[in-house]
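Below is one structure, written out as structure tokens; comments come after it.
Just so you know, all these numbers are worked out from the coordinates, no wet-lab data involved. All values reported here derive from a predicted model rather than from experimental measurement. When we count neighbours, we look across all protein chains shown, and the Cβ atoms used for this are built from the backbone with ideal geometry, even at glycine.
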Amino acid sequence: MTGVQGECEPRFAAVREAFEKSFAAGEEAGASFAAVLAGEPVVDLWGGHADAARTRPWQRDTLVNVFSTTKAPAALVLHVLAERGVLDLDAPVAHIWPEFAAAGKAVLPVRHLLSHRAGLAALRTPLPTEALWDWARMTDALAAERPWWEPGTASGYHAMTYGFLVGEVARRASGKTLGRFFHEEVAGPLAADFWIGLPASEDARVAELVPPSPAELAAAGSAARPAPGSLLAQVMGNPPLAPETANRVEWRRAEIPAANGHGNARSVARLMGALACGGALGDVRVIGGEAIARAVREEWQGTDLVLGVPMRWGLGFMLASDTLPLSPTRRAFGHGGWGGSLGIADPDARLGWAYVMNKMSAGTLGDTRGFRLAQALYASL
């Protein structure tokens with residue numbers, strides 16, 4: 001086993017110990033954990049291997065696909081555009097994307113896209129996996145789609161469609177793809193090594209995602225398998241998506257703002273650390289405090305129609321709840337990703353933290369690896 005490496009302030013030694021225990025227990029292949037407190041890095045750890053065969057050590061600059069943890073950076077782009085006055089979150093999507101008005105969606109506002117209330121969590125027309133890296137095919141299908149429920153009346157997790165919906169709005173508002181805007185206006189200024197649409201120059205740094213084993217899937221039971229015919233099965237099955245898809249070069253090269261962000265804990269913690277401190281890290285400000293407050297004001301609380309569990313949503317951000325106790329307070333927000341990754345901002349503690357890994361858990365909502373590290377982190381404050 002490649003041991004845990006990196007830096008950790010002495011008072012956070014318990015975090016390193018908890019991280020080491022995860023590897024010793026065989027729960028990880030490779031992973032990283034980082035925390036930024038009041039704008040300063042206090043934990044930056046990594047360890048293990050970047051491949052399933054365990055031949056490549058996880059390095060300081062290793063990147064990995066973080067699936068839906070990508071949704072937080074994607075949402076941030078829309079909030080930056082709204083703050084700059086080039087996007088109105090209360091206006092109908094069709095004002096900026098006329099084709100979207102089809103099938104009764106003429107007055108559906110942008111904010112419903114961010115809070116998973118648009119009723120567009122799935123597509124009815126079968127599409128192949130390869131459609132995920134065909135932007136026009138996905139956005140044309142969504143523009144023509146009829147909502148699965150009356151928009152605004154309920155929330156249902158838009159696992160994949162979210163990224164194409166908010167991404168097309170961002171593209172039309174800014175004239176740039178969401179990934180390009182994020183790189184130039186957010187990640188670049190913050191020196192955050194996080195990509196939505198990975199250039200070929202970074203491929204050598206990417207860790208291989210390791211799906212759950214058959215035994216792990218069996219142990220997880222129904223938590224790891226959508227019920228046939230359920231809305232969740234439709235969401236995840238069209239276009240078909242398997243964990244291994246993220247190891248394909250076509251997936252990396254595309255912009256899939258719901259799910260194909262590539263980064264490490266350090267980069268995600270920098271992003272969340274800025275949001276926890278009013279939108280700035282050091283002398284770099286990417287968004288203002290008022291815009292963040294609007295972004296994390298509760299838009300919805302209730303049972304999610306897709307996930308089947310209680311959720312609290314802001315505008316693009318998961319909010320702390322009994323289902324997802326992101327911090328000791330209810331003001332924390334962020335996002336998690338399929339398999340276990342997490343990126344969290346806690347404005348009360350002025351703390352941003354992140355956990356990313358390549359060994360995916362079978363039942364994401366029941367994965368405790370990242371939360372155990374967070375518990376050690378909070379106990380050390």
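Between the helical axis of 13-24 and the longest alpha-carbon principal axis of the chain there is an angle of about 80 degrees. The listed peptides 104-114, 240-250, 13-23, ordered by packing as a protection proxy, come out as 104-114, 13-23, 240-250 (highest mean of other Cβ atoms within 10 Å first). Fully extending the segment from Ala24 to Glu99, taken as 0.36 nm per residue of separation minus the present Cα-Cα distance, adds 21.7 nm. Between amide H atoms placed 1.01 Å from N, distances below 5 Å from Val210 occur with Lys359, Met360, all of them 5 or more places distant or on a separate chain.
From the largest down, the range 176-317 spans 50, 41, 28 angstrom on the principal axes of its Cα atoms. Compute the normalised compactness of the range 1-137: alpha-carbon radius of gyration over 2.2 N^0.38 Å, N being the residue count. Ratio of Rg to 2.2 N^0.38 Å for the range 1-137: 1.50. For the range 1-81, the fraction of C-alpha pairs more than 17 angstrom apart is 56%.
Its DSSP H runs of at least 4 residues, each contributing -39,500 (n - 2.57), put the calculated 222 nm mean residue ellipticity of the chain at -8000 deg cm²/dmol, to the nearest 500. When the Cα positions of Ser155, Trp135, Phe181 are compared along the charge dipole of the chain, Ser155 comes out farthest toward the positive end, with charges on each C-beta of Lys, Arg, Asp and Glu.
Against the chain, whose longest principal axis is taken from its Cα atoms, helix 265-276 shows a tilt of about 60°.
The fewest-to-most ranking of Glu28, Glu168, Glu9 by surrounding Cβ atoms within 10 Å reads Glu9, Glu28, Glu168.
Compare the Cα positions of Ala291, Leu231, Leu37 along the charge dipole of the chain (+1 at Cβ of Lys, Arg; -1 at Cβ of Asp, Glu; about the Cα centre) and return the one farthest towards the positive end. The residue sitting most towards the positive pole is Leu231. Evaluated with a Cβ-only charge set (Lys, Arg +1; Asp, Glu -1), the range 178-263 carries a dipole of roughly 240 debye about its Cα centre, given to the nearest 20. Overall, the chain carries a charge dipole of about 240 debye about its Cα centre when +1 sits on the Cβ of Lys and Arg and -1 on the Cβ of Asp and Glu, all other atoms neutral. The value obtained for the chain, namely the Cα convex hull volume divided by the number of residues, is 121 Å³ per residue.
Packing order of peptides 283-295, 54-66, highest average first: 54-66, 283-295 (average count of other Cβ atoms within 10 Å over each peptide's residues).
Hey, could you get me the Stokes-Einstein D for the range 64-221, Kirkwood radius over alpha-carbon pairs, 10 °C and 1.306 mPa s, rounded to whole µm² s⁻¹? Approximately 94 µm²/s, per Stokes-Einstein. Hey, any idea what Rg/Rh is for the range 240-350, computing Rh the Kirkwood way over Cα pairs? Rounded to two decimals, Rg/Rh equals 0.99.
Here Met311, Met357 are placed in order of increasing Cβ neighbour count within 10 Å, fewest first, which gives Met311, Met357.
Ranking Ile344, Ser380, Gly366 by how far each Cα lies toward the positive end of the dipole of the range 254-381 (charges on Cβ) leaves Ser380 at the top. When Asp348, Asp193 are sorted by how many other C-beta atoms sit within 10 angstrom of their C-beta, beginning with the fewest, the order is Asp348, Asp193.
The alpha carbon radius of gyration of the range 137-255, expressed as a multiple of 2.2 N^0.38 Å, is 1.27.
For the pair Arg124 and Thr329, label points projected 7 Å from Cα toward Cβ lie 4.6 nm apart.
Multiplying the residue separation of Asp61 and Glu216 by 0.36 nm and removing their Cα-Cα distance gives an extension gain of 52.9 nm.
Between Arg172 and Ala38, the modelled labels are 4.5 nm apart [label points 7 Å from Cα along Cα→Cβ]. Highest mean packing comes first when the peptides 315-322, 303-310 are listed by Cβ atoms within 10 Å, giving 315-322, 303-310. Dividing the radius of gyration of the alpha carbons in the range 69-129 by their Kirkwood radius gives 1.01 for Rg/Rh.
Look at where the Cα atoms of the range 130-197 and of the range 318-366 average out, and the two centres are 21 Å apart. For helix 135-144, report the angle its Cα long axis makes with the longest principal axis of the Cα atoms of the chain; keep it between 0 and 90° and round to the nearest 10°. Helix 135-144 and the main axis of the chain meet at about 50 degrees. Equivalent-ellipsoid semi-axes for the range 196-273 (Cα gyration tensor, √(5λ), whole Å, largest first): 27, 16, 14.
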